[in-house]
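Student: Here you go, one structure.
The values are calculated or read from the model by the stated rules, or taken from the named source; none is laboratory data. For clarity, every value in this text was computed on a predicted model and none was experimentally measured. Neighbour counts are summed over all protein chains in view; Cβ atoms, including those assigned to glycine, are modelled from backbone coordinates with ideal geometry. Calculation scope for accessible area: heavy atoms of the full protein, side chains included, ligands and nucleic acids excluded. Shrake-Rupley method; radii C 1.70, N 1.55, O 1.52, S 1.80 Å.
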Amino acid sequence: VEIQLEIPVNPYQLMTSIELPFLYAGGHTVHFQFRDTQGQWSVVMTDEFEIETCQPGYINAPNGDTEVCQGSTTSYTADAALNITHIEWSLSPTEAGVLQADNSTAQIEWSESFTGEATLETKGSNPCGETEEKTLTVNVISNPAVEAMADAAICIGESIDLQTISNVGEIEWDVPSTTVWPTENTTYVVTATTQCGTATDEVTITVNSYPTLTVMADEDICLGNQVTLTATSNGTVNWDVDNIIVSPTETTT
């Protein structure tokens, strides 16, 4: 380990910490030198120290987001004490997502179908043993979803209640009241909102006019003659005879 001084100091008293990822219990020796501004090295100096135990000390709980969205990807880190050479990660339940770990860091691809609490766990170890587990609770939040009622038709002047078949999140329609009296064909939009965003769906209400009907004037014919029955309407016209070309033998309505 080489330490660079920002400002040359003379004399310099060495007081520093050196990270030793793993050393066995017992006696050890450290050697060090100083180099001056001319690039000349001092003689090698030596110090000795004793490690009473090589057991790993502790590991902190994972650090990262505690609230995540379905289908998102988040990263986590674990701060470990010295003497830990390996960090083991685990996620429960396993269906919550896919965990990929690389010693002190981990990445989770959260499932599209899982919601609720998941537990992320870390444990440190070295050849002498392992630490206790440390956990982080993560709340997987539902993505918003909404399905509006099927399209419908009403007669002009009638009202209809806008409804949803299913939804996840807080629901809001694009009108002040869900009871509406449209006077023409209208499409309404509903929005579902969670911490993970919004989702929308729409329903179209068709407004039909009441039927109108105008029939031909009464008509006189001679016996044996024919007449074609006519009528105009904004709807479908049905007469009470199969054929609108009629030849009545007596006065008929």
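Student: Scan (1) 19.1, 52; (2) 21.6, 64; (3) 41.5, 141 for the value of Rg and Dmax of the Cα atoms in Å calculated from this model and give just the label.
Tutor: Of the listed options (1) 19.1, 52; (2) 21.6, 64; (3) 41.5, 141, (3) comes from this structure.
Student: Let me ask you something else. Over the Cα atoms of the stretch 89-192, each weighted equally, I'd like the Debye log10 I(q)/I(0) at q = 0.11, 0.16, 0.19 Å⁻¹, rounded to two decimals.
Tutor: Ignoring solvent entirely, the Cα scatterers give -0.57, -0.79, -0.95.
Student: If the elastic network links every pair of Cα atoms under 10 Å, which of Asn234, Asn83, Asn225 fluctuates the most in the Gaussian network model of the chain?
Tutor: Of Asn234, Asn83, Asn225, the Gaussian network model singles out Asn225 as fluctuating most.
Student: Moving to a separate point now. Taking all protein chains as present, what is the carbon and sulfur share of the accessible area of the chain, in % to the nearest whole number, probe 1.4 Å?
Tutor: 47
Student: Additional query: With a 1.4 Å probe and every protein chain left in place, work out the accessible area per residue of the stretch 16-108 in Å², rounded to a whole number.
Tutor: 65
Student: Tell me the per residue accessible area of the stretch 115-168 using a 1.4 Å probe; a whole number in Å² is fine.
Tutor: Ligands and nucleic acids excluded, the result is 50 Å² per residue.
Student: Next up: With +1 on each Lys and Arg Cβ and -1 on each Asp and Glu Cβ, and nothing else charged, work out how big the dipole of the stretch 62-214 is about its Cα centre, in Debye to the nearest 20.
Tutor: In total the dipole reaches around 60 debye.
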